[in-house]
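Trainee: Sharing a structure with you now.
What follows is calculated from the coordinates using simple rules that are stated; it is not laboratory data. This one's a predicted model, so the numbers in the text were calculated from it and none came from an experiment. FYI the Cβ positions are ideal-geometry reconstructions off the backbone, even for glycines, and counts take in every protein chain you see.
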Amino acid sequence: MKENLYEGKIEELLSEMPIDEKIAQLGSVWVYELFENGRLSVDKMKELIGNGIGEITRLSASGLPPKDNAHLANEIQKFLKENTRPGIPAIFHEECLNGYMAK
């Protein structure tokens with residue numbers, strides 16, 4: 001049986017995470033909550049997902065075309081990976097994600 005290469009890393013990460021970061025991984029925000037004046041806001045991201053987040057939902061509610069939504073998702077993931085202590089990317093939830101966003 002193949003050994004899980006991430007098991008030790010996951011346990012280590014979880015042991016280092018304070019409770020507020022663990023709780024943040026159970027949470028979700030709508031993508032529009034991260035906007036200010038029609039644009040993605042670093043200040044809003046610091047406020048709402050500064051400890052990380054488990055899920056970002058309603059990406060298509062941004063009103064952007066698919067290519068721009070992909071860039072938006074990448075910017076949010078980059079923020080989470082580079083500006084939160086655990087650096088865990090979020091799951092994006094959208095009913096049409098597997099077809100609409102996959103192109």
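Trainee: Pairs, please: C-beta under 8 Å, at least 6 apart or cross-chain, first residue more than 10 Å from W30 (Cα to Cα) and in the stretch 58-73, second β-branched (V, I, T) and in a helix (DSSP H, G or I)?
Mentor: From the stretch 58-73, the pairs are L72/V31.
Trainee: May I ask you to list the residues in the stretch 39-70 that are aliphatic (A, V, I, L, M) and surrounded by fewer than 18 Cβ atoms within 10 Å (Cβ to Cβ)?
Mentor: L40, V42, L48, A61, L64, A70
Trainee: Determine whether the stretch 11-23 contains at least one residue that is under 24 Å from E95 (Cα atoms) and surrounded by 13 or more Cβ atoms within 10 Å (Cβ to Cβ). So that I can check it myself, show each step before the final result.
Mentor: Residues of the stretch 11-23 under 24 Å from E95 (Cα atoms): none.
Within the stretch 11-23 (the criterion being under 24 Å from E95 (Cα atoms) and surrounded by 13 or more Cβ atoms within 10 Å (Cβ to Cβ)), the answer is no, since none of the residues qualifies.
Trainee: Still on this structure, please answer the following. Limited to the stretch 85-97, what total is found for residues that are within 28 Å of K9 (Cα to Cα) and without any contact (Cβ under 8 Å) to a residue 40 or more places away in the chain?
Mentor: Final tally of qualifying residues: 4.
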